[in-house]
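Read through the structure below, which is laid out as structure tokens, and then see the notes.
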Amino acid sequence: MTDRPEKPENSQPDQPSALEPAAVAAAAGAPDASLIPEAVVASRWHTAPWLVWLIPIVAAAVGGWILAHSIMTRGPTITIVFKNAEGLEAGKTKIKYKEVDIGVVKSIALTKDRARVVVTAELAKGSDSFLRQDTHFWVVRPRIGAGGISGLSTLLSGSYIGLDVGKSEEERDAFVGLDIAPLVLTDLPGRRFVLHADHMGSLDAGSSIYFRRIEVGQVVAYELDKQGRGVNIHVFINAPYDQYVTNNTRFWNASGIELTLDANGFKLQSESLASVLAGGIAFQTPPDVPIAPPANENTPFTLYTDRDNAMKHADSEVRKVLLYFKESARGLVAGAPVDFRGIVIGEVTQVSLEYDKQQKIFLFPVEVNLYPDRLRAHYRAGADRPDGEKVDREVLDQLVEHGLRAQLKSGNLLTGMLYVALDFFPEAATAKIDWSKKPIVLATVPGTLEELQTTLLHISRKLDNVPIDDIATDLHKAIKSLDLTLQSTDKLVKRLDSDVAPQARETLEQARKTLATAERTLSSDAPLQQDLRDALREIGRSAESLRTLTDYLDRHPESLIRGKTEDHPQ
């Protein structure tokens with residue numbers, strides 16, 4: 001259906017006009033126009049101009065909705081710089097937090113200096129809270145370290161990027177990836193501490209930390225200190241064991257096997273088999289130290305070389321003393337104990353050498369630290385104890401006056417190690433302490449080994465003055481004379497055996513017979529014994545009669561003159 005166009009006003013006159021239908025029809029010989037029905041003009045549906053833009057508008061609205069939905073559902077975009085792109089692939093490598101996918105790598109490109117790679121990743125919506133100033137990213141791959149084997153699951157699934165969410169309030173979207181995964185995540189309960197040591201030894205990141213031989217933490221990082229004179233070791237103690245770390249706690253290196261040969265003898269110690277192979281650290285609070293509250297996070301501690309050094313009593317009072325020894329100081333080393341009759345009251349700090357111009361000999365000055373508190377700790381409760389520096393000086397002067405001296409002694413015959421012993425030597429030369437010198441000098445006496453060597457030297461010198469040759473000659477003569485004497489004695493013995501022995505045997509036989517006769521005579525049933533008993537009875541009766549006579553004469557002495565009178569009854 002199309003509309004007929006109207007005839008323009010300037011059209012040719014010979015053309016029929018709609019205004020003169022009858023004339024035209026008559027001229028053409030056409031039938032009467034009244035018999036022809038009139039056409040009705042119908043309007044077209046697309047004649048409205050806005051209908052042309054309907055489809056583009058709808059398409060634009062759908063595209064805008066899709067774009068808005070994409071923008072609204074898309075998470076933040078971040079960049080991570082790594083040393084290399086090993087195991088990473090754009091569009092496939094995932095970003096995971098606690099094994100949950102939260103993003104994907106979109107592109108990987110080199111930096112301008114081509115030293116590193118820049119990984120652009122898109123995170124899921126709502127991941128803005130992960131992007132903190134102290135958030136860390138790393139590539140999870142199979143690794144073997146001191147802490148064990150990790151990342152084995154990536155052998156099948158492929159590497160992925162892990163992250164540890166920080167606690168900072170500041171946000172960021174550009175990060176530098178870690179070379180290895182952090183050993184301790186931020187949300188792990190526990191506390192971190194810093195240990196200072198002279199060197200790392202066999203420790204490494206991942207080395208275990210032990211408390212009473214229970215694994216309670218690990219080394220997480222280490223670095224040189226600012227002066228480069230030691231290392232700072234960052235450790236993490238898991239909860240609830242972190243409560244046992246107080247300001248009085250001591251840490252020591254428990255790596256490997258500790259073999260000690262010193263003045264105290266032979267000692268072999270080890271924390272565990274794992275610490276022997278991979279190194280480790282142990283800690284404990286000394287039993288004689290009062291209990292303190294748990295230490296704050298990042299509190300610094302000293303890492304001692306071994307348990308003995310760590311558990312030593314913390315001495316607040318230290319007296320430095322200098323000792324001069326003339327004998328060899330071989331076997332005396334720094335750390336050797338200073339002993340006072342079985343009580344360790346100090347330690348050797350340095351052994352050096354000094355030349356004495358007056359005596360023209362070399363001396364061995366030994367510097368020691370004395371700890372008076374250790375000696376006071378052994379006082380009986382309630383006993384008098386010197387207190388105060390002035391009193392200590394007076395007491396020490398009195399002790400030196402009574403013979404207090406220092407002496408080198410052998411602590412162990414197997415190792416040959418020496419220690420310093422303080423004891424009394426009443427026969428020692430008189431000495432006094434010069435308190436104006438710093439440190440003070442305490443008098444010494446030769447060690448027992450030195451005394452033995454001196455005694456042997458004196459004996460050797462005396463032996464040199466002995467006329468050994470003359471003595472040997474005289475001894476040879478004496479031996480010859482003794483040999484002659486022995487020969488004579490042998491001859492005499494043989495003569496006695498041949499001449500005297502038969503006579504002696506006969507004499508012994510006769511004596512035996514005499515003894516046998518005496519035995520028969522003295523037996524209880526022998527006649528002599530019976531006669532002897534009868535005689536003794538007679539003697540007893542005679543003694544009784546004599547006693548009766550004596551009693552009578554005592555009562556009647558006149559009977560010696562008048563005779564015995566007869567008693568008449570009254």
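The values are calculated or read from the model by the stated rules, or taken from the named source; none is laboratory data. A quick note: this is a predicted structure, and the numbers were derived from the prediction, not measured. Positions of Cβ are generated from backbone atoms using ideal geometry, with glycine treated the same way; all protein chains shown enter the neighbour counts. Just so you know, the surface numbers come from the protein's heavy atoms only, side chains and all, with ligands and any DNA or RNA stripped out. Shrake-Rupley method; radii C 1.70, N 1.55, O 1.52, S 1.80 Å.
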Flag if THR517 is hydroxyl-bearing (Ser, Thr, Tyr), open to solvent by less than 100 Å² (accessible area, probe 1.4 Å) and at pLDDT 80 or above: no
Residues of the range 372-413 satisfying the condition of being modelled with pLDDT under 75, over 20 Å from VAL344 (Cβ atoms) and open to solvent by 100 Å² or more (accessible area, probe 1.4 Å): ASP384, ASP387, GLU389, LYS390
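Take GLU347 and tell me if it is in a strand (DSSP E or B), of a type in the set (Asp, Glu) and within 30 Å of ILE281 (Cβ to Cβ).
Numbers: in a strand (DSSP E or B): yes; of a type in the set (Asp, Glu): yes; within 30 Å of ILE281 (Cβ to Cβ): yes.
So GLU347 fits the description; yes.
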Subset of the range 86-129 [assigned to a loop (DSSP other than H, G, I, E, B) and closer than 17 Å to LEU163 by Cβ]: GLY87, LEU88, THR93, LYS98, GLU99, LYS125, GLY126
Residue selected from the range 275-295 under the condition at pLDDT 70 or above, more than 12 Å from the chain's Cα centre (by Cα) and among the aliphatic types (A, V, I, L, M), by the criterion surrounded by the most Cβ atoms within 10 Å (Cβ to Cβ): ALA295
Boolean, TYR355 is open to solvent by 60 Å² or more (accessible area, probe 1.4 Å), among the hydroxyl-bearing types (Ser, Thr, Tyr) and either part of a loop (DSSP other than H, G, I, E, B) or closer than 16 Å to THR444 by Cβ (or both): no
Residues satisfying the stated conditions in the range 296-333, i.e. open to solvent by less than 60 Å² (accessible area, probe 1.4 Å) and part of a strand (DSSP E or B): PHE301, LEU303, VAL321, LEU322, LEU323, PHE325
Residues (under 24 Å from GLY342 (Cα atoms), in a loop (DSSP other than H, G, I, E, B) and of a type in the set (Phe, Trp, Tyr)) located in the range 424-449: PHE425
Scan of the range 213-240 for residues that are open to solvent by 40 Å² or more (accessible area, probe 1.4 Å) and touching a helix residue (DSSP H, G or I) at 6+ places or on another chain (Cβ under 9 Å), ordered by number: ILE214, GLU215
Selection from the range 241-266 of residues that are within 23 Å of GLY346 (Cα to Cα), modelled with pLDDT under 90 and open to solvent by less than 20 Å² (accessible area, probe 1.4 Å): ALA263, GLY265
Hits in the range 155-195 - residues which are of a type in the set (Ser, Thr, Tyr) and touching an Asp or Glu at 6+ places or on another chain (Cβ under 9 Å): SER159, TYR160, SER168, THR186
